Structures are given as structure tokens and as C-alpha cells.
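Visitor: This is the structure, below, for whatever I ask next.
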Amino acid sequence: MNNPAEESTGEMYMTKDDLWEKCLLYIKDRIQEQAFQTWFDGIIATNLNSDGITLQVPNQFHYEWLETKYRHLIDNALKENASHPLIVNYSVVISDKSIDEIPTLTAKEKPVPQGYQRKSQLNSRYIFENFIEGKSNQFAKAAALSVADTPGQTPYNPLLIYSSPGLGKTHLLQAIGNKLIRQNGNMRVVYLTSEKFMLDFISSIQKNRSTEFTSSYRNVDMLLLDDVQFFQSKEQTQEQFFHLFNDLFQKGKQIVLTTDRHPSELKGLKERLISRFQSGLVVDIQPPDLETRIAILMKKAEDDGLEIPYDVTEFIAEAIVGDIRAMEGALVKLLALSSLRREDITMNLAQQVLKNLLGKNSFTDLSIDQIVKYVCREMKVSERQMLGKGRTMEVALARQLAMFLSKELTSASLANIGIHIGGRDHSTVIHACKNIDKKAIADSEFQRKIDSMKSEISGQKLSKTMKGNA
Ligand code: ADP
Ligand code: MG
């Protein structure tokens, strides 16, 4: 009983395991079950000394995720349970097993039918190298890279990527397949849309060949299934896919899915399928910020050998906010017009092209980030406070306002809003919106404030959008 830690604090001396165990309980109480299982289950403390604690994580991506999304929470857990401040260190351990012991998916044992690559339906245009990374998509990209490198061997099985249209889901999905095939040409990778899956299934029934249909997919090493929201209300197809999913999953084959919204918001899908979808890792892609949009356009221009003045690039990137596909469309249109008229690509020409496009609200989405920044400025709280766990009245109100405005002004799902504003769940967002509504009804001054915030933040974007046209 002459432990110095005990003398100085009067507390029981705690081992690294005791301390971390307590922290885990603290954390578990504060995040969703699913998130806890994905990010904290199985994380152990490997070292504890007077300066810090070392946590062992399975890979770099896991580490980055904890640092970015859960740092506050871990810090708070330690503050609550340790007698003095501790720094958190991480050690990345891929697996106890040596690489040889992990059942690899190499083709040595598996003769692969000729032309499998063609059958994979992958488009070689979609690769990681030309996928521009920004804050809005970095987690989705990191997760995608991680499963491409070690398919079926990360906890991210299935990996589900969701976003509104035109933000790069298909690009990432195919990049995973392309990378895997490039690393190992014998890998049986299948990419297909959910619509194609259903059509194939139906046609196999018509031809009395549903057994063949099933077995053809059960032999793959990786299944990349795009736009799963298409399965809504297609019960037979869901059933079929459910069995395929379980089969592949049990064999340790990687499954990657995309949807247009968080799985919990998919209507017309069987509960057990939704729960499978959420059993691995769910990541979203947000609308990219201006810098990322400019970088994407510049990369496209470069890849296509085009010379486009920088101000034109910036102009397009400023005008079209929520949809990269629409932005690329503008670029293509600009090229078409320039070659048709034999004119150089100038600002003038760009304005003509965009005038037509802007008519059709193609510049819709404000991002949650923009709203958070705006509310922080207005309410004089820091972003760190807003995204942290603090519950002082001003901070809580600012947070609720940001949630409310995000719901009103973006197409983001409630779950998505919660994740981006401090890692909360969708019920917190619902509660926030109700609270703001209630306050506004009771207090007309507050109502006016909200209205003016709404119009200011939408207006800001509009004036910025039109700046180039002036
Ligand atoms: P989604 O499947 O989400 O609707 P896509 O993957 O089809 O979107 O992307 C639309 C277009 O935008 C594609 O041409 C894609 O290459 C491009 N794109 C999307 N995100 C990026 C990015 N981060 N970097 C480069 N191009 C991108
Ligand atoms: Mg797509």
C-alpha cells in the first residue's frame, strides 16, 4: 500500500485494464450501441504510466476515426476515471496472426474462369487515384481503401457508403474493385447495381435457373452492390439477397454497399436486412467544400488534357454546390459549346452555360458544415464547443439551432445531421428540432431570429453563387 499514485490521490491504484474498463463503461453510456460495437469493442489498453495510456487499435483507419470522432469522449472518460490528466497514445496492430495464417483470397487454389475481369463490370475510369479527397469524403475514402487492401479482414464488413446523388459513391465502390483486381488479377470481384441484381434474378426465375443465379454470386470474393435503396418493396429480391449476404459474410468475403440515405431511414426494407447493413461500418459522404470542388474540376480538366482558366474553374465550383455530377455536366457542356462555336473557354462562355443550369436549382445543398460555422459565429460559441459534449445553456441552444437549420435547409438525413453535429443519434436531432419549434412558438422574438438566420444563410450562399455573374 505504498504506491505513490495512491498516496497522492487517495484513490485505489488502478491497473490499465481497470481504468480502461471504467472508461469503456463511461463511453458505452454515451454513444449508440452500434457505434460502440464498431469502434470500442475489443479495443484494449496495452500500457499505462504516469503520462498516458496506450490503446491498441486494429489499423490506421480505426485510429484516425477514434481521434477525429471520439477524442473528446475518450478524454472525458479518462478525466472522469483517472486521478490525473493522461495523454492517449495508440498502437496499431493489424492482427496477431502473421499474414500467412490469415486465409487469403489469392487465386492459387482457385482456377478462375477466363474473362472474369470483364464480367466484373468494373469501369476502369473509377480509381482511387482520381478520387479527390476532402473533409466531406475522407472517411468514406479511407474505409474504402482499407477494405480494398484487406477485403473481408477488417471489422468493416459490410461497408456501407451513403450520400445524396452525385457525390462519389459509385466512384468509390468501383475504385475498391479496381484496386483489388489490380493487386490480384484473379480475384473474383463483382460490381453491379441493385437494379441489375433484381433483373437478373427475375430472368433466372423465368428461365427456371434460379439455382444457377444463386451459385454464380456465391462464388465471388467481393460483392460491390450499388444503390441498394432500389430493393425497397422488392420482397423476393430482398429475400434472395439476404441469403447471399449471409453466405458471403460467413465465408469472410467482403461486401460493400451503397445507398442514398442512412440505412435506418430506408423504408420498405426488411428489418433483418437493415440490421445486416448496419452490422459493419456505415459511412457517409457530404457535399464537398469549395476547395474540394475546385480540385475535382482541375483534376478532370487535367485528365482530359484541357486548359481551363482558373477563374472559370472557380466560377463553376462556386455555382454548383451539392452535386459533383452536375458540376461535371457543366464542364462538359462548356466544352461542347466551346468547340461548337470555335471559341476559347472564357468566363463569358461559362456564364452562358451556367445561366441555363442555374435556372434548374442545380446548386441546392448547403452543407451541414456551413451551417455549423454560421451558427457558431452568430451564437458566439466555438466549433469545438458546438461539436463537443458540453451542455451549458448557450452551447446546447447553439447546437439545437444548428440541428434545426440543418434539417430545414439541407437534404441531409436526421442520422446524418446527428453524426456531423457532435456524433449524436437521430433521436437527439428530433428532440432538438422539437425544442426549437416550441421555443419559437412561445417567443416571437426568437421566431424572428430564426427566420432571419434562415434567410441570411440561404441568401449568403445565393449571393456568393451569383457573384461571378455580376
Ligand atoms: P453517386 O454514385 O454518389 O451518385 P458518382 O460516384 O457517380 O456519384 O459520382 C458522380 C461523378 O462525380 C462521377 O463522375 C465521379 O467520378 C465524380 N466524383 C465524385 N466524387 C469525386 C471525387 N471526390 N473526386 C473526383 N471525382 C468525383
Ligand atoms: Mg451511383
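Visitor: Of all residues in the range 321-341, which are away from ligand 1 (no atom under 14 Å from the Cβ) and surrounded by 15 or more Cβ atoms within 10 Å (Cβ to Cβ)?
Guide: LYS333, LEU334, LEU335, LEU337, SER338
Visitor: Related question: Going by what's in this entry, would LEU199 be described as within 15 Å of ligand 1 (Cβ to nearest atom) and among the hydrophobic types (A, V, I, L, M, F, W, C)?
Guide: For LEU199, the condition - within 15 Å of ligand 1 (Cβ to nearest atom) and among the hydrophobic types (A, V, I, L, M, F, W, C) - is not met.
Visitor: Just checking, does the range 153-160 include any residue being crowded, with 21+ Cβ neighbours inside 10 Å, over 15 Å from the mean Cα position of the chain (by Cα) and under 19 Å from VAL228 (Cβ atoms)?
Guide: no
Visitor: Same structure again: Working only within the range 425-451, note down all residues that are under 22 Å from TYR70 (Cβ atoms), not in a loop (DSSP other than H, G, I, E, B) and not β-branched (Val, Ile, Thr).
Guide: Hits for the range 425-451 are HIS426, SER427, HIS431, ALA432.
Visitor: Still on this structure, please answer the following. Take residues that are closer than 30 Å to PHE197 by Cβ and free of Cβ contacts under 8 Å to residues at least 12 places away in the same chain and tell me which of the helices (runs of 4 or more DSSP H) falling wholly in the range 236-349 contain 3 or more.
Guide: 271-277
Visitor: Would you list the helices (runs of 4 or more DSSP H) that sit entirely within the range 383-424 and hold 3 or more residues that are crowded, with 21+ Cβ neighbours inside 10 Å?
Guide: Helices (runs of 4 or more DSSP H) meeting the threshold: 393-409, 414-420.
Residue-by-condition table, conditions (1) surrounded by 20 or more Cβ atoms within 10 Å (Cβ to Cβ); (2) more than 16 Å from ligand 2 (Cβ to nearest atom):
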{"site": "SER204", "(1), (2)": "no, yes"}
{"site": "VAL228", "(1), (2)": "yes, no"}
{"site": "PHE241", "(1), (2)": "yes, yes"}
{"site": "SER264", "(1), (2)": "no, yes"}
{"site": "SER279", "(1), (2)": "no, yes"}
{"site": "VAL283", "(1), (2)": "yes, no"}
{"site": "LYS300", "(1), (2)": "no, yes"}
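Visitor: Taking the condition crowded, with 24+ Cβ neighbours inside 10 Å and assigned by TED's automatic domain parsing to the domain that holds GLY280, does LEU192 pass?
Guide: So LEU192 does not fit the description; no.
Visitor: Here is a follow-up. List the helices (runs of 4 or more DSSP H) inside the range 27-119, counting only whole elements, that have at least 1 residues being more than 21 Å from ASN184 (Cα to Cα) and at pLDDT 90 or above.
Guide: In the range 27-119, the matching helices (runs of 4 or more DSSP H) lie at 71-81.
Visitor: Related question: Mind telling me which of the residues LEU225, LEU180 ends up being in a helix (DSSP H, G or I) and either in the same structural domain as ALA144 (by TED's automatic domain parsing) or over 19 Å from GLN254 (Cβ atoms) (or both)?
Guide: Just one listed residue meets the conditions, LEU180.
The values are calculated or read from the model by the stated rules, or taken from the named source; none is laboratory data. The shown structure was predicted, so the numbers you read here are calculated from the model rather than taken from an experiment. Glycine also receives a Cβ, built like all others from the backbone with ideal geometry; neighbour counts cover every protein chain displayed.
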